[in-house]
Each structure stands twice: as structure tokens, then as C-alpha cells.
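Participant: Okay, handing you the structure first.
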Amino acid sequence: MRKGMKTWPLAIALLTGAAMPVAVEARTAAAPVADSGSVMLDPWTGLYDGVPPWDKVKPSDFPATFNVAMKRTKAEFEAILTNPAPITFDNTIKASELSSAHMERLFALWGVHSSNLSNPEIRKIQADWEPKLSAFFNELNLDARWFQRVQYLYQQRDSLGLDKAQMRLLERTYEGLVRNGARLDAQQKARLIGYETDLAKKFSQFQNKVLADEESYILLTDPSDVAGLPDSFVASLKAAAEAKGKQGWAVANTRSAIQPFLENSPRRDLREKIWRAFVMRGDNGDANDTNATIAEILKIRQQRAELLGFKTHAHFRMADTMAKEPDRAMDLMMKVWPAAVARVKEEVADMQAVADKENAAITIEPWDYRYYAEKVRKAKYDLDQNEIKPYFQLDQMVAAMFDAAGRLYGMSFTENTGTVPVFEKDVRTFEVKRDGKVIGLFYLDNFARAGKRSGAWMTTYRSQNKLSGHGDITLASNNNNFVKGAGGTPTLISIDDASTLFHEFGHAIHYLNYDITWPGLGNTPRDFVEYPSQVNENWLLTPYILNTYAKHYQTGEPIPQALVDKIRASDTFNQGFATVEYLSSAILDMMLHNRTDPVTDPRAFEKAALGEIGMPKEMVMRHRLPQFNHLFADDGYSAGYYSYLWSETMDADTWAAFTEKGDVWDKETAERFRSMLLSTGNESDRIDAYRAFRGRDPDVKYIMKKRGFPVPAE
């Protein structure tokens, strides 16, 4: 997941109309900025054209610093709007692109504190300030004087002598302003600002409620409770309990702890208990219940869409995507859905047969799926996940992803942990070069901890651009939630975890390879964002990576070829489950937002909608609505969760371009992919860039083959 932590400069905020969750308008005189606050706004110093001063940040200084940052931003903006010289591209668009660098630095620091280092103090600041920040930036976005300047240039654009990138930036700036309300009258603009401000409040509420439920845990106290679990996992649960001052084994209410428990525990009663705690996050009728918050968000989103002239929130959000229309996204999803559901039925039948053979006297339920899937894997392929895991040591997989990037794109990653400040002791840093030139600094925050939101994401603290004169070194980070090995033992991860590692690194590769001039052309459409990351997953299970880096964590022996053969033979195993788990979430996202009457009871809607599409009763969505951060922690993936499938369609087609060469490490294909699709940001329409790379539109047959589903045309 590419997470935009609202670290965009003012120019991009003006382009997208997005609420920037950290700066809020100061209605009163700005408070004096504290020493830490000054550090948060000042240009960064040190290596790599300056790095974030994590060691000097005091969370208590954020509020005063927000005030000062807004004051500076407002002054810079006014200087652009009141420039008495004739309106030009340089004194309007370029000036905006160069503005508010202080705000971008501040948001980079704030984003880490709100996502990686959250605590009650940070959550209170979020609740207080993000609505104010939203109002502040929306007032700037909707300033009539700004639109008048941009509109004047837009109307004269053919006579301005602009190059292709400048023309695209101007046109996208104008279209973004129109799409986000620039033509509304004063009363309508006030309503729009009110909607955005209310949404910012609700997003903060939703995120904090889910995080509160995820900070809970289930304490197991009897040795029989952890019987059958891998020794390394048991040790990590014990360490988690000790960290909380408890005796026993603590199972955190996060995916990284829940999933291995469900896969391995023979205790059906505990599987059900653990599973229910996880899938009911945000849906327990208590102070952390999110259903009412979701209903309020949906109502405001529809009101905003109608005010802006769109039929639904989905139409509003998709106006600037590759798919363009909700029906196109839904059509793609429904091409895949029937085959996925059919495969689930086959998988359940296989699992039920195993349970019956064992005289388990059960009918497969959702808390049984992962456990019995592993039994089927063992029976069909003589393959046990716990047999694989010792060969997937986290540090080795990190080295593998770096090596792959080197072989494909000429990139090198040299660890320099300790030479620059970090925000948490376990964060590692790496200097990034390509062709001998430093192009970036990569931060790696791999482990789960209290206060860190769930999931995995990538972000940049500073993105590349040539305009500023000091933006050639990208500061990028990957953030995961792996369970750390106990007592200093190596951290072992599953193949799924390793795929996540490569996925998030694919986002980093994308941004580290940027070679663009204009910051405003750095944001790609939502349904393109996941494409580079999904492409990168493909190299994980290639023979070179497995033979070189999949080594037993105790003996150092490489993974046996017989085990590799079993992994390959089971390549499409459980694809029904994986596809339905994801697609059900994506389909419900679109059904939820592609309607004119907002849902008022999310729980009832979820149940009815799943019934309508034929959701297998043995499964649950990957993200149930009450905990669906992608949709309700901000607008980011709302009416956009389909983008993973849209991107994977391009990914599968791109992988075919490599395999057709007979060498998945083909440097010519890799360089064409890098130069045409990775390095260009959004300097051209992304579908045109894809067509230039592949010579045609992506073919859906490749994703069907990748998942082991029948291809209708064949």
C-alpha cells in the first residue's frame, strides 16, 4: 500500500483539492514556536541534502508548530495571489510548485508520529488539529483569486510556449480545481469546506477507534493453549506477554499475530475466539464501535459529491483514475469473481474431506479455513508452511529484494544504520545508488509495536523533483508489522509476509526511480499506484532468489530443490480464498459508494451485500467495513480498493513481457519498464505510458492464468 501521509507541498494540495491532515488555519495569533517546532519547519541538515531530525522532535510542540506553518503558508500563498506583475506560468504555477517546503517537512514528521508512533497525546492532537488543517487548506484551494489566475493561463495555454510537462501540469491543475469546487459560489464553497472539515473529524475518530481495538490482546495462560504452534511463534507470544508485564502468551489483535495462530492451532475453540476478536474490531457496540462513524462519513461524502456535480462519491473519486467510471471497475471485478467463488467451493470441499477423514465431526467455518487449508496443502503437495518458514529469514529476504533491484535496475543498497537519526531503535537505513550516483535514502521499519497502525505501507519523506534544485535524493520508507523474533533470534516470515515485503519495496523502487521536474506531476492515479509494487512481487519465488537467499536460519543450508518444487507446484493453491477475501472487500467498497442513497446501517448493508454477490459462508472479507482503514481513515482508497485488481491486471501482463523474453531478469525489458513507467511519475497519461511499454492495453487473461482460473476465451 502506498500511503500518502499528506506530505505534499501546497502546489499538490491545490492540484488535488485534498485535505492535508496536519496544518490548520490559525484564527488567532500564532503561538511562539518552540525549539522543537523550529526544527520541524527549518530546512533539514546533514547527509543526503538533509534528513528528518527525528531525535529532536517533541510531540507537544506540534500544535504551536502547525500554527506557525499555516501562517507562513498563508503568507506565501498571498504573495502569489497579489503579485502585481502580469500573470505568467512562472509566477503562478511554478511559484506554487516551489512553495510550502516547510509544510512538507512538517507533515513528514507528523505522518510518522500519527502512523508509526501513535499514543493518546498524538491522538488528541489529531482530533484537535486535522479538522482545522482541512478547513485551512480547503479555504486556500477554493480562493477565487487562485482559480482566476489558473483559469487565465489555461485559456491562454496554447500561446504560452509550454513544453509537454508544463502543459500537462497546467491542465491538470485547472481540471483538479474545477473538479474540486473552484466554480462554486461563496455559499456553496462554505458548505464544501464544512463537509471536508467534518470528514476530517470522522476520519480521525475512525482511525483511533480501530487502533484502540488493535491494541487489545488475548492472554493465553495454559501451555495447552499454545500446543501445536511453531516454537519461534510461541516464543514471540511469550515475549509479547512479558512486554506487557504478564505471564503466559499474548496474541495481539493484529493480522501478523492472528494469521499464524489460525494456520497452526489445533484448538478449534481458541481459533474461534481469536478469529472473532479480530474480525469484530470496530464492531462490538462499545466506545470503539465504528458503524455510526461510517454512516456519517458516507452521508457527508454523498453530500459533497452532489455539491460538486457528481452522481455519487464513486464517480467523484474515479474522475481522475485510469478506469474513469465505477462500472468499468465493477466489470473487471465481476469477470474474476465467479471463478474465484467456484474455486473456494473446491477448496472447502477438499478441507471438509480432510476433516471428515480425521473424524473431526465439524463443518468448515471461517476460523477453520486457514488451519485446514494447511492440512490440504500438506496432503496435496506434501508441503507444510512451517517446513518453509525456517528458510525465510527476514534479513535474508531484505537482502534478496535489494539484490533483485540491483539486477533489474542497477540499484545498490548499502546499510548505514546509525549515521542518520531514526524515529525508533529498530529502524534500519540504507544509502541507495544507481549507476554510482546517490539517488536516495531508504528507511525500513519492519516490526509491529504498540502505537503503530496495522498493515504495511510505503511513504516518502521527500520525493524527487528537479525544480527545487535540491530534490534529487529521495527519502523513502517501508513500514511493516512483522512479529519480531524473541530474545534476539532471527525473525522468520511466511511466504505471504515475504510477498508483502517485496510488494512494499516495489512502491519504494517506484519513487526512488523518479526522474521528474514538477512535484505536481508526482502523484499517479489510485489505480496505477499499486501496479509497480505488484510487479515487484513476481521476483520473490524465482529460482535465483530462492537458491541464493532462502537459507535455513540455523544451518545456513540453501532450501532443498525438492521443497522449491513443492512450492512451485502449489503456486496457485488457495487462490480462491485469497481472491475472494480481497475481491469481496473491493466489490463492497464500490457498492457502498456507487449509490445516491447513503448506507445508514453498515453492518446490515455488509450482510445483505455479501449475500447478494454470493459470498461463501466459510469466509469473511479481508477488511470488514468496521475496520476498513483504506476506506474510512481518509478518502484515499474509497471507491478505489478495486485498484489492486486493476493494477494486478497490468502486473500479470507485464510479467508476461518478461517471461516472453525467456529471462525474467532481462535488462532491456527492465530498463524499458523503469524508464517508461517507473521514472516518469504522472508526466503522461498512465494508460498511454503502458501502451508505449507493451504495445497494447493489458490483457485480463494473464491475471486469470496467474491465479489458476479458467480463461473463458481458451
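The values are calculated or read from the model by the stated rules, or taken from the named source; none is laboratory data. For clarity, every value in this text was computed on a predicted model and none was experimentally measured. No Cβ is skipped: glycine too gets one built from the backbone with ideal geometry, and neighbour counts run over all protein chains shown. The protein model used for the area step is the full one, side chains on, heavy atoms only, and it has no ligands, DNA or RNA in it. Shrake-Rupley method; radii C 1.70, N 1.55, O 1.52, S 1.80 Å.
Participant: I'd like the Karplus ³J(HN,Hα) series for the range 261-272: coefficients 6.51, -1.76, 1.60, θ = phi - 60°, whole numbers in Hz, and an x wherever there's a Gly or Pro.
Facilitator: Couplings: 5, 5, 6, 10, 6, x, 7, 4, 5, 6, 4, 5 Hz.
Participant: Between ASP697 and ASP231, how high is the FRET efficiency from 1/(1 + (r/R0)^6) when r is the Cβ-Cβ distance and R₀ = 45 Å? Nearest 0.05.
Facilitator: Given R0 = 45 Å and the Cβ-Cβ separation, E is 0.35.
Participant: Report the label-to-label distance for GLU557 and ALA287 in nanometres (one decimal), using points 7 Å from each Cα along the Cα→Cβ vector.
Facilitator: Taking the simple label geometry, GLU557 and ALA287 are separated by 5.4 nm.
Participant: Quote the Stokes-Einstein diffusion coefficient, in whole µm² s⁻¹, for the chain, based on the Kirkwood radius over alpha carbon pairs, a temperature of 25 °C and a viscosity of 0.890 mPa s.
Facilitator: 93
Participant: If you don't mind, there's one more thing I want to ask. Would you work out which of SER100, ILE567, GLY636 lies farthest towards the positive end of the dipole of the chain? Charges go on Cβ: Lys and Arg +1, Asp and Glu -1.
Facilitator: It is SER100, whose Cα lies furthest towards the positive end.
Participant: Hey, another quick one. Cross-link partners among lysines for LYS58, C-alpha distance below 23 Å, same-chain residues fewer than 8 apart left out?
Facilitator: LYS6, LYS71, LYS124, LYS132, LYS425, LYS452
Participant: Where does helix 62-81 land angle-wise versus the long Cα axis of the chain, in degrees 0 to 90, nearest 10?
Facilitator: Helix 62-81 sits at roughly 50 degrees to that axis.
Participant: Within the range 606-627, find all residues whose amide N lies under 20 Å from a label point positioned 7 Å from the Cα of ALA379 along Cα-to-beta-carbon.
Facilitator: The answer is 617-619, whose backbone nitrogens lie closer than 20 Å to the label point.
Participant: Moving on to the next point. What's the magnitude of the charge dipole for the range 87-148 around its Cα centre, counting Lys and Arg as +1 and Asp and Glu as -1 at the beta-carbon? Answer in Debye, nearest 20.
Facilitator: Magnitude of the dipole: close to 100 debye.
Participant: On to the next question. Ranked from the most accessible area to the least, with a 1.4 Å probe and all protein chains present, what is the order of TRP646, TRP518?
Facilitator: Sorted by accessible area, descending: TRP646, TRP518.
Participant: Pulled fully out, how much extra length does the chain show between MET280 and ALA450, if you take 0.36 nm times their separation in residues and subtract their Cα-Cα distance?
Facilitator: Between MET280 and ALA450, full extension yields 59.3 nm more.
Participant: Then there is this: Treating the angle as unsigned and between 0 and 90°, give the value, to the nearest 10°, between the Cα long axis of helix 231-243 and the longest Cα principal axis of the chain.
Facilitator: That works out to roughly 50 degrees.
Participant: Follow-up. In µm²/s, what is D for the range 32-98 at 20 °C and 1.002 mPa s, where D = kT/(6 pi eta Rh) by Stokes-Einstein and Rh is the Kirkwood radius from Cα pairs?
Facilitator: 154
Participant: Put a dot 7 Å past each Cα toward the Cβ at ALA319 and ASP435; how far apart are the dots in nm?
Facilitator: 4.0
Participant: Sorted from largest to smallest, which semi-axis lengths in Å does the alpha carbon gyration tensor of the range 503-621 give for its equivalent ellipsoid, taking the root of 5 times each eigenvalue?
Facilitator: Values for the range 503-621, descending: 36, 27, 10 Å.
Participant: Let me ask something else about it. Select from VAL580, LEU592, SER679 the residue farthest towards the positive end of the dipole of the range 575-714; place +1 on Cβ of Lys and Arg, -1 on Cβ of Asp and Glu, and compute about the Cα centre.
Facilitator: Working it through, the farthest residue towards the positive pole turns out to be VAL580.
Participant: Suppose R0 equals 22 Å. What FRET efficiency, 1/(1 + (r/R0)^6) with r the Cβ-Cβ distance, do GLU424 and ALA399 give to the nearest 0.05?
Facilitator: It comes out at approximately 0.55.
Participant: Please state the charge dipole magnitude for the range 600-649, taken about the Cα centre, from unit charges on C-beta atoms (+1 on K and R, -1 on D and E), reported in debye and rounded to the nearest 20.
Facilitator: Charge dipole of the range 600-649: 200 debye, to the nearest 20.
Participant: Now a separate question. If each of LYS273 and GLU415 carries a label point 7 Å out from its Cα toward its Cβ, how far apart are those two points in nm?
Facilitator: Simple spin-label model gives 3.9 nm for this pair.
Participant: Work out, step by step, the length gained on full extension between ASP90 and ASN359: first 0.36 nm times the residue separation, then minus their alpha carbon distance; give nm to one decimal.
Facilitator: Extending this stretch completely gives an extra 89.2 nm.
Participant: Beyond 14 Å, what share of the Cα-Cα pairs of the range 583-664 is found? Please give it as a whole percent.
Facilitator: 68
Participant: For an R0 of 22 angstrom, estimate the FRET efficiency from the Cβ-Cβ distance between SER675 and VAL711 and round to the nearest 0.05.
Facilitator: 0.10
Participant: Identify, among LEU199, SER236, TRP249, the residue whose Cα sits farthest towards the positive end of the charge dipole of the range 150-284, taking +1 on the Cβ of Lys and Arg and -1 on the Cβ of Asp and Glu, with the dipole about the Cα centre.
Facilitator: My answer, from the dipole projection, is LEU199.
Participant: Residue-wise, which Karplus ³J(HN,Hα) couplings in Hz belong to the range 460-475, taking 6.51 cos²θ - 1.76 cosθ + 1.60, θ = phi - 60°, and x for glycine or proline?
Facilitator: 10, 8, 8, 9, 5, 6, 8, 5, 6, x, 9, x, 7, 9, 7, 10
Participant: Right, next: For the range 372-510, count the residues as N, evaluate 2.2 N^0.38 Å, and divide the Cα radius of gyration by that value, please.
Facilitator: That works out to 1.19 for the range 372-510.
Participant: When you take every Cα atom in the range 290-417, what is the radius of gyration, and what is Dmax, the widest Cα pair distance, in Å?
Facilitator: Rg then Dmax for the range 290-417, in Å: 23.5, 60.
Participant: What figure, in Å² to the nearest 10, do you get for the accessible area of LYS389 with a 1.4 Å probe and non-protein molecules left out?
Facilitator: Using a 1.4 Å probe on the heavy atoms, I get roughly 40 Å².
Participant: Let me ask something additional. Residues of the range 555-594 with amide nitrogen under 20 Å from the 7 Å Cα-to-Cβ point of GLU346?
Facilitator: 566-584
Participant: Which part of the range 276-307 falls in the paramagnetic zone of LYS244, meaning amide N under 14 Å from the point 7 Å along Cα-to-beta-carbon?
Facilitator: Those under the cut-off are 277-278.
Participant: Taking only Cα atoms of the range 421-580, what ratio of Rg to Rh do you get with Rh as the Kirkwood inverse-distance radius?
Facilitator: Ratio value, two decimals: 1.00.
Participant: Also, I was wondering about something else. Amide H neighbours of ILE516 under 5 Å, at least 5 residues apart or on other chains, H built in the peptide plane: list them.
Facilitator: Answer set, sorted by chain and number: LYS466.
Participant: Starting from the Kirkwood radius over alpha-carbon pairs of the range 528-590, derive D by Stokes-Einstein at 10 °C in a medium of 1.306 mPa s and give it in µm² s⁻¹.
Facilitator: Answer, rounded: 111 µm²/s.
Participant: Show MET676, MET591, MET40 ordered by accessible area, largest first, where the area counts protein heavy atoms only and the probe is 1.4 Å.
Facilitator: MET676, MET591, MET40
Participant: Largest first and to the nearest Å, give the Cα extent of the range 57-175 along each principal axis.
Facilitator: Cα spread of the range 57-175 along its principal axes, largest to smallest: 54, 27, 21 Å.
Participant: Counting Lys and Arg as +1 and Asp and Glu as -1, each charge on the Cβ, what is the dipole of the chain about the Cα centre in debye, to the nearest 20?
Facilitator: That gives the chain a dipole magnitude of about 820 debye.
Participant: Once the piece of chain linking LYS335 and THR82 is laid out straight, how much longer is it, given 0.36 nm per residue of separation minus the C-alpha distance between them?
Facilitator: Full extension from LYS335 to THR82 adds 85.7 nm.
Participant: With every protein chain present, what accessible area does TYR48 have (1.4 Å probe, heavy atoms only), rounded to the nearest 10 Å²?
Facilitator: Answer for TYR48: close to 30 Å² accessible.
Participant: Residues with amide H under 5 Å of TYR461's amide H, sequence separation 5 or more or different chain, H placed in the peptide plane at 1.01 Å from N; which?
Facilitator: HN-HN under 5 Å from TYR461: LEU475, ALA476, SER477.
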